[in-house]
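Throughout, read-outs are computed from the coordinates displayed, never taken from laboratory work. Keep in mind the model is a prediction, meaning the values are calculated, not measured. Neighbour counts are summed over all protein chains in view; Cβ atoms, including those assigned to glycine, are modelled from backbone coordinates with ideal geometry.
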Amino acid sequence: MNPSTGRQSGIDPRALWIVTFAFILTVTSFGKYEISRLTPLFLYPVAMTAFYGLPLKELGKRILLVLPFILLVGLFNPVFDRRAVLEAGGFSLSGGWVSFISIVLRSLLAVSSAILLVLVSPFDRLCLGLEKMRVPRVLVTQLQFLHRYLLLLKGEAQRMIRAHHLRCPVNRPKIPMEVASSMIGSLLLRAVDRATRIHWAMLVRGFDGEIRLQRPLSFSWARDGSFAAAWGLFFLLSRFVDLPGILSGWVLAR
Amino acid sequence: MHMADALLSPMVGGTMWAVTAGLTAYSARKLKESPDESRVPLMGVLGAFIFASQMINFSIPATGSSGHLGGGMILAVLLGPYAAFLVLASVLVVQALFFADGGLLALGCNIFNMAFFPCFLAYPFIYRKIAGQKPSQSKIFLAAVLAAVVGLQLGAFSVVVETRVSGISELPFGTFLLLMQPIHLAIGIVEGIVTAAVVLFVWKARPELFAPASGGVAALAGGVPMKKVLAGLALASVLTGGILSWFASSYPDGLEWSMAKTSGSEGLETPEDGLHGALSALQGKLAFLPDYGFRKPGGDEAPPEQPGEAVSWPAVDPGTTLSGLVGGGMTLLLAGLAGLVIKRGSSKRA
Amino acid sequence: MSHHFLEVQDLSYTYPDGTEALKGLSFRLEHGEAVGVVGANGAGKSTLLLALAGLVDPSGGIVNVGGTILGKKTVGEVRKRMGFLFQDPDDQLFMPTVFEDVAFGPANQGLSPEEVSNRVRQALEDVGAIGLAERQSHRLSGGQKRSVAIATVLSMLPDILVMDEPSSGLDPKGRRRLIGLLARFTHTRLVATHDLDLVMEVCPRTIVLHEGCLAADGPTRKIFGDQKLLETCHLERPLCMQGECR
């Protein structure tokens with residue numbers, strides 16, 4: 001098992017997609033003041049990360065990247081909702097802060113479930129799953145091609161930017177709009193030229209307009225069905241039963 | 001600006017997903033009608049190009065901040081509305097999965113906000129109308145800026161509506177609008193300028209990329225049938241109007257505020273019949289739906305008494321909250337523990 | 001098996017802007033021959049190869065592939081017989097995984113999934129890349145990409161291989177492996193390249209292009225020994241013939 005990338009999942013991508021969507025629907029279906037009821041749902045990303053040995057640093061990095069924006073919008077909640085909902089020992093907590101924390105938890109859950117998906121399964125396998133779930137073929141092919149050429153074109157952009165920076169006397173210079181427009185224009189022309197060459201390469205190998213996807217998916221009700229059913233049931237349980245309440249009730253009663 | 005799962009309710013998210021799915025199927029079908037196998041690699045590479053071009057951060061004069069190109073308008077100019085829509089959709093999917101930008105439920109909203117408006121409204125009705133026939137440098141600039149501004153304004157407005165109707169964020173409608181629209185006006189102007197500059201760059205270097213008669217790249221930049229788009233617009237406005245009036249019945253505060261500012265009148269007249277009445281009735285029936293929060297087993301929340309009455313936010317009981325916090329903390333600990341156990345077990349196996 | 005020949009008669013091509021890229025080229029490759037095509041940049045090498053693949057329409061002359069004249073109706077048939085290797089492997093590896101890339105050609109030929117699988121396995125074994133089958137194409141090294149690109153062409157079981165700068169971007173070991181592969185193939189081979197030493201090792205016969213015309217066509221050693229010819233065509237002797245390398 002590669003510690004830097006973890007183990008890949010053998011679960012059918014359709015089951016992964018369904019579970020992910022069920023998860024996000026469950027998370028977002030809670031009322032805005034829910035905090036504790038969201039916590040059992042952390043089991044999903046935690047269990048998946050642990051089971052597949054996913055790199056925590058990678059996960060954390062991506063989560064941290066998107067958090068600031070959500071926090072910014074969420075911080076308006078305490079500003080606008082000042083109604084106190086909890087008072088203990090002179091300290092009062094407003095509804096706004098409660099919903100803010102709820103927003104933070106929701107982000108963590110939703111973001112991690114999406115990142116999980118691509119860490120646990122190769123992207124083109126996820127695309128294959130989409131195709132089997134009736135997503136239009138042209139979009140699936142588009143996703144695969146985009147993914148294939150993403151790094152290549154980003155590399156071209158990076159080299160262009162570096163070439164620009166190396167020709168400026170300042171350290172970490174800014175790119176003016178006119179220069180950026182030319183750079184983007186060149187990138188675009190190179191992209192179009194590359195697309196033409198790829199098209200040629202496809203033609204000489206007999207391309208007639210149809211991409212024939214060769215890899216079959218096999219959905220095993222034993223493995224994939226139980227994966228989806230088990231998590232689905234857990235999500236439903238968390239949604240309708242106050243698990244943390246029961247837990248705390250049980251502990252506090254002692 | 002991307003819509004996020006954390007601020008979204010399943011109702012809004014699901015609705016927008018349905019709309020987006022419909023648009024996607026429609027675009028795919030339109031592309032099938034005029035097959036062009038050179039389009040497959042071109043769309044793919046241009047999708048990758050969007051990501052690459054967004055790495056080029058340029059400084060915006062007089063503001064000291066930096067920005068990057070969205071790229072929707074350029075795609076529409078090169079590929080036509082249907083292919084551009086699908087390319088933008090694919091870009092947003094990859095952003096949602098790999099860069100956690102937005103979220104998978106919000107993806108439906110994001111594709112609508114950021115792909116529908118530029119490709120199906122701004123491009124055919126603004127850009128092509130101004131710069132379509134006999135384009136000149138000034139026409140292209142005007143067309144690009146106007147199209148970008150309108151597209152982004154509509155997109156930003158949609159984000160505000162979607163956020164407000166979801167009800168997770170406390171940001172009042174008016175305040176949010178006041179934050180979003182001016183910022184996106186500025187972004188739109190910059191986007192339009194850079195788009196125009198890039199279009200001109202490409203036009204000077206390779207004019208054949210835009211020639212419709214050549215049957216090449218721009219062969220699909222054909223007109224979008226007026227009737228269909230008007231129908232789509234009508235549907236969108238019904239949805240938006242319906243959602244707005246639905247929300248208006250519950251949140252007279254925010255809307256009243258901006259109403260008062262704009263029209264000088266205090267409140268909204270709420271017609272009992274017609275669309276509003278029907279929606280209020282619907283709202284009453286759907287009051288169990290998630291964006292108002294499921295009722296807790298203890299019945300802490302006041303259910304709506306009758307259709308048409310404003311639904312109050314779930315009252316939060318402090319007692320429940322405290323025990324909830326304790327239970328919540330312990331659950332988190334348990335989840336973490338479970339994770340450690342699973343990890344140990346799975347690494348033994350590996 | 002005389003139908004694996006490749007013949008070009010009076011082939012001409014003019015670009016839309018008026019530049020004459022090919023001016024009346026004529027040559028013939030017999031079955032199993034390996035021929036190098038050399039010339040300065042702009043001499044017409046790449047244009048010649050594009051014309052052979054039917055990717056540009058010649059303004060004059062004919063291309064005869066094993067008895068089939070290349071034309072709009074026969075281009076599909078010709079492409080089945082002619083495997084074309086492009087200069088940049090990234091242009092040829094466009095599917096998500098290596099397996100799918102190598103399977104692309106056979107799948108388009110209408111073969112069953114088992115047959116496609118067999119072809120893929122065989123082609124990958126031929127280039128020594130069978131372990132890369134499940135890898136993502138964009139994550140391979142330069143040499144690996146080149147090998148896989150060759151496999152994508154081999155899996156179609158072509159009679160003729162046409163290659164544009166096959167050794168460009170390869171490190172010495174990768175280049176050595178490529179030379180070994182090319183030397184082993186029994187297909188009719190046409191290799192357009194700047195790598196004159198590769199031509200020395202792989203191609204007993206060489207065609208020299210100069211400004212769209214056929215400047216010379218003969219045994220490789222003789223051509224590279226003709227100093228005047230080389231100078232006129234902006235070439236020089238291969239490194240192995242300069243000084244005491246071999």
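Things to note:
- Taking amide hydrogens as placed 1.01 Å from N in the peptide plane, the amide H of C:A216 sits under 5 Å from those of C:V208, each at least 5 positions away in sequence or on another chain.
- Protection proxy ranking, peptides B:91-97, B:61-67, average beta carbon neighbours within 10 Å, highest first: B:91-97, B:61-67
- Under conditions of 4 °C and 1.567 mPa s, segment B:115-167 yields 111 µm² s⁻¹ as its translational diffusion coefficient, taking Rh as the Kirkwood radius over Cα pairs in the Stokes-Einstein equation.
- C:G61 long-range amide H proximity, modeled H, under 5 Å: C:S12
- log10 of Debye I(q)/I(0), alpha-carbon scatterers only, for segment B:73-164 at 0.19 Å⁻¹: -0.84
- Long-range HN-HN contacts of C:G36 with modeled amide H, under 5 Å: C:V191, C:R205, C:T206, C:I207
- Chain A, Rg to Rh (Cα coordinates; Rh as Kirkwood inverse mean 1/r): 1.07
- Mean per-residue shielding of peptide B:147-154 is 0, counting Cβ atoms of other chains within 10 Å of each Cβ.
- The three principal axes of the Cα atoms in chain C give end-to-end lengths of 53, 48, 38 Å, sorted in falling order.
- DSSP-assigned coil residues among trypsin sites (Lys or Arg not before Pro) in segment A:142-208, each with at most 13 further Cβ atoms within 10 Å: A:R167
- C-alpha long axis of helix C:98-108 to longest principal axis of chain C, angle in °: 80
- With the convex hull drawn around the C-alpha atoms of segment C:172-246, the volume per residue stands at 103 Å³.
- Applying the Karplus relation 6.51 cos²θ - 1.76 cosθ + 1.60 with θ = phi - 60° to segment B:101-109 yields 3J(HN,Hα) values of 8, x, x, 7, 6, 6, 4, x, 5 Hz, where x marks Gly and Pro.
- Low-density loop cleavage sites - trypsin sites (Lys or Arg not before Pro) in segment C:59-167, where at most 11 other Cβ are within 10 Å (DSSP): C:K72, C:K73
- Expressed as a whole percent, the proportion of Cα-Cα pairs in segment C:1-130 lying more than 21 Å apart is 51%.
- Whole-Hz ³J(HN,Hα) from phi, Karplus 6.51 cos²θ - 1.76 cosθ + 1.60, for segment C:167-177, glycine and proline x: 9, 5, x, 8, 6, x, 5, x, 5, 4, 5
- Square roots of 5 times each gyration tensor eigenvalue, C-alpha, segment B:1-151, largest first, Å: 24, 21, 15
- Counting Cβ atoms of other protein chains within 10 Å of each Cβ in A:43-49 and taking the mean gives 5.
- Cα pair distances of segment C:117-200 binned at 10 Å [whole percent]: 17, 53, 28, 2
- Using the Karplus relation 6.51 cos²θ - 1.76 cosθ + 1.60 with θ = phi - 60°, the per-residue 3J(HN,Hα) values for segment B:179-184 come to 7, 6, 4, x, 4, 6 Hz, with x marking Gly and Pro.
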